[in-house]
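What follows is a set of notes on a single structure, which appears directly below.
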Amino acid sequence: MSQDNADLEARLEEQDTFEPPESFVEQANVTDPGVYEEFEENWPGCWERAADLLSWDEEYDAVLDDSDAPFYEWFTNGELNASYNCLDRHVEDGAGDNVAIEWEGELGETRTYTYEELLDEVEDTAAMLRDLGVEEDDIVTLYMPMIPELPIAMLACARIGAPHSVVFAGFSADALATRMNSADSEYLITCDGYYRRGDALDHISKTNEGLEGVEHEVSDVVVVDRLGDDLDHELADNQHDYDDLVAEYEGSTVEPVPRDSEDMLFLMYTSGTTGQPKGVKHTTGGYLAYSAWTSHAVLDIEADDTYWCSADIGWITGHSYIVYGPLALGTTSVMYEGTPDYPDKDRMWEIVEKNEVDIFYTAPTAIRAFMKWGTEYPEQHDLSSLRLLGTVGEPINPRAWKWYYKHIGGEECPIVDTWWQTETGGMMITTLPGICEMKPGSAGPPLPGIDAQVVDANGEEVDAGKAGYVTVNNPWPGMLRTLYNNDERFIEEYWQEYSDPDADEWVYFPEDGAKIDEDDYITILGRVDDVINVSGHRLGTMEIESAVVGVEGIAEAAVVGGDHEVKGEAVYVYAIPEDGYEGDEELEERAAEAILDSIGPIAKPEEIAFTHELPKTRSGKIMRRLLEDIASGNELGNTSTLRNPDVVDDIAEQVSND
Ligand code: WTA
């Protein structure tokens, strides 16, 4: 390293606040610091500003209806269509030739869709769905990887008022079946397979296996042929080839169906405390307004930008910030099919350079991998088109933040560290990049209009520097409306902890721990429930546990997250073999297989340790904290309150031996 560079590293190392670069501020969408006060004083009317970013078929009567809290309603009696807002209106405004989606396949092929072309495709697909019998409010399941047909299908569903439920393509057959069963979904769009590190992956066999687990009749399955001759497969009677079928509808006109603000736009299943995934319900008006507003205010997206969010559309980040928010603003959204290190570790930077990407939004786990690979990869490319960087999904450590700032942003791009959840629909806690100073490691203050704070177990706000829990005291337009078909669980999961129903005071509890500083900057510490965050993917430890205890020969299991340098957290399984079984390689393989079958490769355990007992308190509860410490290689605290303290050394020894 040259002396200059060494000096710079040393300076960065020490610096803990960063001002937004002047060049950014000059052009930013939101620059008036008064916006915080303005939103507070004019709440909830302030949210008209978000609604104004959309085109409404019917004006709403009221911004917020809180008469049945916490079942809040937003922009009541307004009518709009999400697909119209993301497509037609841009074409009508003369921007039909602007690129909407710039797609790149892993093998290097590209597909470019202008707004006009995307609208045509969406109309054809919408016509096809309708002809298959899909009616307004029917839930259509989409089980596809990062191929253009996924956003096309989402927008086609939105166009005809059929909510979609996207299932991440990396999820297992079982996960697909569980979600289709829960949503009573009779229609599925999937694909034959896709490419990963150059290999053709078979997706249709997994789909078919999943379909066997669906308890109701599935009327139609449409299969996108992504792999051509690279994979032979046969279609069952109710299965159609997407290209063949949609070709019959070429040139169709399908009028966008006006939807009530509160009509469901989509369902997204996510992990929670129990084994059953939760179907988070998002609606048309509030969600779209909120994803558009945050795309505008936080990601600073403009119609003439090229913007790239490297998440998968199968997660909420891709819904809000690859599809709905960016397209509502008429920008160019980049979509990449593959992995960041194929064919080489500079793939991301090659895509940034080639497309002259202005804004790049990714996860801390990716940044930590880039860091590990070394600066020579970004250095091979001209990244000067970038003006803003973002992160999402998990806490970012200051070292990774600074690396991103320096080596990707060239010290000229602000970074927005955006905290939010599947349930919140959009960003909640983050700096506004044209206004706020940045503090690496801290997400920032709550966004304007978001009344978030850090409280103790009694709901009292904690002092600066002390740890507590994040809560949100006021509703916001992008919030989930309920858990699908389960209002009770909705209340239990999010509103029970801190609300006072008798006083009609409702406090949203996201189940994250945090600290707050004297400037109201919030540092997220991580989940306080049984959810772990592996490479920015949210996994329920209970779901994994139930897969493991389903294995013949395993009596009991505990699953926890342990620290991991790149993934943030990794899955650790501790299991007790049944009498007559050995904790041997075979049992380990079967446990690993069960996890793969029930969730998918993202939940692959770092370690499966067999033990004759699990550490338990005197009242018989498994001491998860202790298991987490063992997994993370932390110093083990006091174990004297355990019923079986001896077991701790046994387990720790096993984990450290491997
Ligand atoms: C975590 C992803 C720290 C958090 C959008 C939250 C974060 C969970 C951040 C939601 C961040 C998300 N800093 N932690 N910037 N963003 N998280 O539903 O624990 O997949 O509760 O939504 O991710 O994960 P989900």
Where K406, K567 fall by accessible area, highest first, once all protein chains stay in place (1.4 Å): K567, K406
Average accessible surface area per residue within the chain, 1.4 Å rolling probe, Å²: 39
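Could you give the length gained by full extension between E497 and R625, i.e. 0.36 nm per residue of separation minus their alpha carbon distance, to one decimal place?
Gain on stretching E497 to R625: 44.0 nm.
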Inter-label distance, nm, simple model (7 Å from Cα along the C-beta direction), N458/S385: 5.6
Taking region 277-330 and dividing mean pair separation by its residue count, relative contact order in percent (alpha carbons under 8 Å, at least six apart): 42
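With only Lys, Arg, Asp and Glu charged, each at its Cβ (+1 for the first two, -1 for the last two), find how big the charge dipole of the chain is about the Cα centre; round to the nearest 20 debye.
1480
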5 Å binning of all Cα-Cα separations within region 126-211, expressed as whole percents from 0 upward: 3, 15, 26, 23, 19, 9, 3, 1
Top positive-direction residue, dipole computed over the chain with Cβ charges, set Q27, A50, N458: N458
Simple spin-label estimate for T339 and E552 in nanometres, 7 Å along Cα-Cβ: 3.4
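For the chain, give the percent of accessible area contributed by carbon and sulfur heavy atoms, probe 1.4 Å, rounded to a whole number.
That fraction is 40 percent.
Relative contact order of the chain: what whole-number percent is it, with Cα pairs under 8 angstrom and at least 6 residues apart? Before the final figure, lay out the partial values.
Details: 1443 pairs, mean separation 85.4, N = 658.
Result for the chain is 13 percent.
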Förster-model FRET efficiency, 35 Å R0, E505 and N77, C-beta, rounded to 0.05: 0.85
M479 long-range amide H proximity, modeled H, under 5 Å: none
Formal net charge of residues neighbouring V573 (Cβ-Cβ distance under 10 Å; K, R +1; D, E -1): -4
Packing rank of 75-87, 390-402, where each peptide gets the mean count of other beta carbons within 10 Å, highest leading: 75-87, 390-402
Computed accessible area, K621, all protein chains, 1.4 angstrom probe, square angstrom: 140
Under-5 Å amide H pairs with A303, H placed in peptide plane, nonlocal only: none
Shape call, region 329-447: gyration tensor on alpha carbons, a/c limit 1.5: prolate
Per residue Cα convex hull volume in Å³ - calculated over region 530-657: 101
Solvent accessible area, Å² - D463, 1.4 Å probe, full protein context: 100
Three-way shape call for the chain based on the alpha-carbon gyration tensor, with the a/c threshold at 1.5: rounded
Proximal charge balance of I524 [Cβ under 10 Å; K/R count +1, D/E count -1]: -1
Interchain or long-range residues, amide H under 5 Å from V167's placed H: L142, Y143, M144
Distance between modelled label sites at N644 and D68, nm, 7 Å Cα→Cβ extension: 4.9
Listed residue (L227, T424, G550) projecting farthest to the positive dipole end of the chain, Cβ model: G550
Per-residue ³J(HN,Hα) for region 326-337, Karplus 6.51 cos²θ - 1.76 cosθ + 1.60, θ = phi - 60°, Hz, x for Gly and Pro: x, 6, 4, 8, x, 8, 9, 9, 8, 10, 10, 6
Phi-based couplings in Hz for region 285-291 (Karplus 6.51, -1.76, 1.60; Gly and Pro marked x): x, x, 4, 5, 4, 6, 5
Among beta bridges that DSSP assigns inside region 537-638, antiparallel share in %, nearest 5: 75
Charge dipole of the chain about the Cα centre (unit charges at C-beta), most positive-ward option of T141, L87, V507: V507
Accessible-area order (highest first, 1.4 angstrom probe) of the listed residues W47, W506: W506, W47
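The values are calculated or read from the model by the stated rules, or taken from the named source; none is laboratory data. Please read these numbers as outputs of a predicted model, since none were measured by experiment. Methodologically, a virtual Cβ is constructed for each residue, glycine included, from the backbone with ideal geometry; neighbour enumeration extends over all protein chains shown. The protein model used for the area step is the full one, side chains on, heavy atoms only, and it has no ligands, DNA or RNA in it. Shrake-Rupley method; radii C 1.70, N 1.55, O 1.52, S 1.80 Å.
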